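Working notes, structure below.
The values are calculated or read from the model by the stated rules, or taken from the named source; none is laboratory data. Bear in mind the structure is a predicted one, so any value in this text is a computation, not a measurement. Reconstructed Cβ throughout: ideal geometry from the backbone, glycine too, with neighbour counts over all protein chains shown.
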Amino acid sequence: MRIILIIKAIAGSLVLGAMGGTAYLMQEYTGTVTEMPGTVMEQQRQVELNLKQKAEQGIKADNEPGEKAFKRAKDLLAMGSMAAAEEKLKYIVSFYPSAMCAPAARKILGEINVDRLLDPDWKKGKSVIQVKSGDTFTRIVRQNKTTMDSLVHLSKLMRADHRSLHPGDKLTVMPLEMRVVIDLRRKTLTLWRGEEFIKEYPVKKVAYRGKAAVKRLKIDSIRGWHGGKVYPSHAEEYTGSNKVITLSDKSLAIRAVSDENQDDMAMGFLLSRADVEELPLLLRPSNDIEIRQ
C-alpha cells in the first residue's frame, strides 16, 4: 500500500509539473486504461498512431508496442492478481490492437470474460427470477432478452421442456445484449457488449459474396440441424444437434466446420464445432451483426 501511495504521489506531481516527462514514457508502454489521465490518454493515442505508421513503413520501434504490458499481465496472472492482469490486457486490446502480442492478449481476455459469463455462480450481469403461474419458457426468454441455451445452462436445468417448469422455481437469467463483428480480412468473429470486448473467435472458412465495405445484419434464429431436420432450441433433439445461427440475410449463417459436402455449397461463416456450440449461450435473435471487408 505504501508503494502505491508513493507512486501516486510521484505521478501526481509529474502530471502537474511536467506532463510530457517520465510519467508519459512509462504510460507509453506499461500503462493501464483506467489509471491514465485524459491528457495522457490522448497523447497515448497519438503514440499508437505514430508507431502504427512506422510499422507500415517497415521501421521497427525500439520496443514492441504493448509488449511490456503483456509481460506484466502474464506475471500478474501467475501471481493470481486477476483484476490487475485484466486491466493490462484491456489496455493492449484497446490501444495496441495491431501489436504482435494483441492476439494472445485477446485470447486470454476472451477466455476470462466467457468463463465468467457462463459461470452460474458469477452474479454480475445476471439476475434470479421466480417462476409465476402461467409462465412458459418462451415468455421468460422473451421478457429477459435471453435464450433457452443460456437459461438452461445458467439455471442448471436437466430438461428444457415446459413439464419441468413450476410456479415458485427460481431461474438465473442473463440479458444477451451482444453485437458481432465479422472481419473478413482477419477472418475473425468478435463479440462486443456495447464497447466492451468480450471474445474473439477464428473463422475457419468464409463463403461470402457481398461487395459493400460494411454490411449490417441481425441474427434471425438459432436452431439445431440433425439428420436432415431442423429443431428449435426447446426440442429434445436440439441438444445433440449441430447448431446453426441464421442471419437476417437468410442466405448467410454461422455454422460449424464439418466434412459434409454441403459446407462447400452453403454461404456463410464456418467456425470450429466447439465455438459454434458456445455462441448460442451468448447470442440471441435480433443481436446486431456487422460484416467488414
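Annotations
- Filter result for LYS123 (part of a helix (DSSP H, G or I), basic (Lys, Arg) and either closer than 30 Å to ASP169 by Cα or without any contact (Cβ under 8 Å) to a residue 40 or more places away in the chain (or both)): no
- Odd one out for SER98, checked against (1) surrounded by fewer than 16 Cβ atoms within 10 Å (Cβ to Cβ); (2) modelled with pLDDT of 90 or more: (2)
- Within the stretch 126-157, the set of residues being part of a loop (DSSP other than H, G, I, E, B) and farther than 21 Å from ILE222 by Cβ comprises VAL131, LYS132, SER133, GLY134, ASP135.
- Residue match in the stretch 70-88 (condition: assigned to a loop (DSSP other than H, G, I, E, B) and in contact with a strand residue (DSSP E or B) (Cβ under 8 Å, 6 or more places away or on another chain)): no
Residues are listed down the side, and each one gets a yes or a no for (1) part of a strand (DSSP E or B); (2) assigned by TED's automatic domain parsing to the domain that holds HIS153; (3) more than 29 Å from LEU154 (Cβ to Cβ); (4) not basic (Lys, Arg):
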{"position": "LYS211", "(1), (2), (3), (4)": "no, no, yes, no"}
{"position": "LYS215", "(1), (2), (3), (4)": "yes, no, yes, no"}
{"position": "ILE219", "(1), (2), (3), (4)": "yes, no, no, yes"}
{"position": "ILE222", "(1), (2), (3), (4)": "yes, no, no, yes"}
{"position": "VAL244", "(1), (2), (3), (4)": "yes, no, no, yes"}
{"position": "SER258", "(1), (2), (3), (4)": "no, no, no, yes"}
{"position": "PHE269", "(1), (2), (3), (4)": "yes, no, no, yes"}
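- Flag if ASP183 is charged (D, E, K, R), surrounded by 14 or more Cβ atoms within 10 Å (Cβ to Cβ) and under 29 Å from PRO97 (Cα atoms): yes
- Residue in the stretch 268-287 that is at pLDDT 90 or above, buried (at least 17 other Cβ atoms within 10 Å of the Cβ), on the phi < 0 side of the Ramachandran plot and out of contact with any strand residue (DSSP E or B) (no Cβ under 8 Å at 6 or more places or on another chain) present: yes
- Test result for SER248, farther than 24 Å from THR190 by Cβ and either touching an Asp or Glu at 6+ places or on another chain (Cβ under 7 Å) or small (Gly, Ala, Ser) (or both): no
- Residue within the stretch 130-151 that is small (Gly, Ala, Ser) and in contact with a strand residue (DSSP E or B) (Cβ under 7 Å, 6 or more places away or on another chain) present: no
- Taking (1) modelled with pLDDT of 90 or more; (2) exposed (fewer than 15 other Cβ atoms within 10 Å of the Cβ) in turn, GLU237 satisfies each apart from (1).
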